[in-house]
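Here the structure comes first, spelled out in structure tokens, and everything after it is commentary.
Derivation of every value follows stated rules applied to the coordinates shown; laboratory data play no part. This one's a predicted model, so the numbers in the text were calculated from it and none came from an experiment. Positions of Cβ are generated from backbone atoms using ideal geometry, with glycine treated the same way; all protein chains shown enter the neighbour counts.
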Amino acid sequence: MVLALGWYIVPYARKIFSNPAHPPVRYCLMEDYMPLIRADGGSWNGVEVMGNRAIVKVKADTVTLGVLDGMFTRIPLDDITASLNSLTNSQRTMIRSKILDMGYSLAEFNSRFPGNLGSYTLRDVLTFAASRRQMHHYDLATDTIVIDSDTRPCSKTIGVLDGEVL
Amino acid sequence: MAFPTTGVLDNFSTDMSAWTVLVGGASVSSGRCVGDVGGQNRIARTTPTYGPDSEAYVGVPVKGSNGDWFNLFVRMTTLVNSTFDGYCLAIDYGTTDSWNIQEMLNGDFTNLPGGPVALDFTAGDQIGIEIIGSAIKGYRNGGTAVISASDGTYASAGYIGGDIALSTQRWDDFGGGTYTAGGATPTPMQMMMGIGT
């Protein structure tokens, strides 16, 4: 078994309970893979970001990471100090596209990252992605979890998250 | 680290006058707390706020059935169901009970990384939640934490409470309050002398 690290962008979903009276619960879909990760002796942690998604860091066997690669978007770097210069253009474009999909504007992205994205580190882009998250609430009338447009700060920094999974 | 560090607040010997009902209701029956309705019963201690480092715990002499649930809250920001934030220890009863620690936002719950932990508890056990700084832990009968998570969203003192879901399970000896460093509940004499308070 070879444990390795991986960074992922993972959506939230609503957990379904057998008792219809149970209040709704949101959860990060990485939770579904907790048994695999635990069986490896690994761990995961994450921080909620924009777009009802989380940035997640996982430590698990490479086989398990391969399973996760098929389910979620993996950032093709493992070390947050690594430069995006080592990535291909299409990989850098993919990262930008995924961050814009979260709800950040192109103008905001370009303002933070003028010039070539290759001159920045993984920490830079993940920190930008984790600069805020959306409010949400449960609407009893429609029995739905509503993701609001209002935002609030994220619960932890990328540096803290990085240190939680080593 | 010892858990709990605070004393019992309510042994449910009289009534629920010290509690605010957010959803459903709860009553005292034969010296225990029981939910009033066959769905959600959400209650919280009306005063005071505790913490920010705080804990809440309760004995569960009668568990719910599979599909029922149990929640304990700390750092509740309000006593209104549609607006309260804070943290929750959530246990879903099943073939094996499933534990999670959750962030609560406007009464909407989100699992924090760290769970679920599959662990049955037995009727008569004491279940508790503790938050110190941004570290949140869940306990069964004190001892080593069953589950832990970290979150820095809500840092202020808050109310404590929980969900006694459905009308089958029973609570007894609800306790909690501001976490007491050193892990020991002050004796009445120590409190009179200002030691450990």
Subject >> Euclidean distance between Cα centres, the range A:1-40 to the range B:1-64, Å >> reply: 30 Å
**OP:** Rank these for me by crowding, A:108, A:31, A:164, A:48, going from fewest to most other beta carbons within 10 Å.
**Re:** A:108, A:164, A:31, A:48
**OP:** Between beta-carbons, use under 14 Å as the cut-off and find the net charge around residue B:142, counting Lys and Arg +1, Asp and Glu -1.
**Re:** -2
Original post:
Counting Lys +1, Arg +1, Asp -1, Glu -1, what net charge surrounds residue A:110 among other residues with beta carbon under 15 Å of its beta carbon?
Top reply: +1
**OP:** Find how many whole Å separate the alpha carbon centroid of the range A:104-166 from the alpha carbon centroid of the range B:127-149.
**Re:** 28 Å
**OP:** Once you've got the GNM for chain B with C-alpha springs shorter than 10 Å, pick whichever of B:18, B:44, B:149 has the biggest mean-square fluctuation.
**Re:** B:18
Original post:
Once the piece of chain linking residue B:37 and residue B:120 is laid out straight, how much longer is it, given 0.36 nm per residue of separation minus the C-alpha distance between them?
Top reply: 27.4 nm
Original post:
Once you put a point 7 Å from the Cα of residue A:148 and another 7 Å from the Cα of residue B:82, both along the Cβ direction, what distance in nm separates them?
Top reply: 1.2 nm
Original post:
Taking a quarter of the surface of the Cα convex hull of the range B:8-193, what do you get in nm²?
Top reply: 10.1 nm²
Original post:
Relative to the Cα centre, what is the charge dipole magnitude of chain A, using +1 at the beta carbon of each Lys and Arg, -1 at the beta carbon of each Asp and Glu, and rounding to the nearest 20 debye?
Top reply: 220 debye
Subject >> 3J(HN,Hα) from dihedral phi, the range B:14-26, Karplus parametrisation 6.51/-1.76/1.60, rounded to Hz, x for glycine, proline >> reply: 10, 8, 10, 5, 8, 10, 10, 8, 8, 8, x, x, 8
Original post:
Using Cα pairs under 8 angstrom and six or more residues apart, how large is the relative contact order of chain B, in percent?
Top reply: 32 percent
Original post:
How big is the antiparallel share of DSSP beta bridges in the protein assembly as shown, given as a percent to the nearest 5?
Top reply: 95 percent
Subject >> Whole-number D in µm² s⁻¹ for the protein assembly as shown, Kirkwood Cα-pair radius fed into Stokes-Einstein, 4 °C, 1.567 mPa s >> reply: 60 µm²/s
**OP:** At 7 Å along the Cα-to-beta-carbon direction for both residue A:110 and residue A:94, put a label point, then send me their distance in nm to one decimal.
**Re:** 2.5 nm
Original post:
How many nm separate the modelled label positions at residue B:14 and residue A:86, each set 7 Å beyond the Cα in the direction of the Cβ?
Top reply: 6.7 nm
Original post:
Among all helices in chain A defined by DSSP H, which have a length of 15 Å or more along the axis from Cα atoms plus a Kyte-Doolittle mean of at least -1.0?
Top reply: A:89-102
Original post:
What's the tally of Lys pairs in the protein assembly as shown whose alpha-carbon atoms lie under 29 angstrom apart, where the two lysines are 8 or more places apart or on different chains?
Top reply: 15
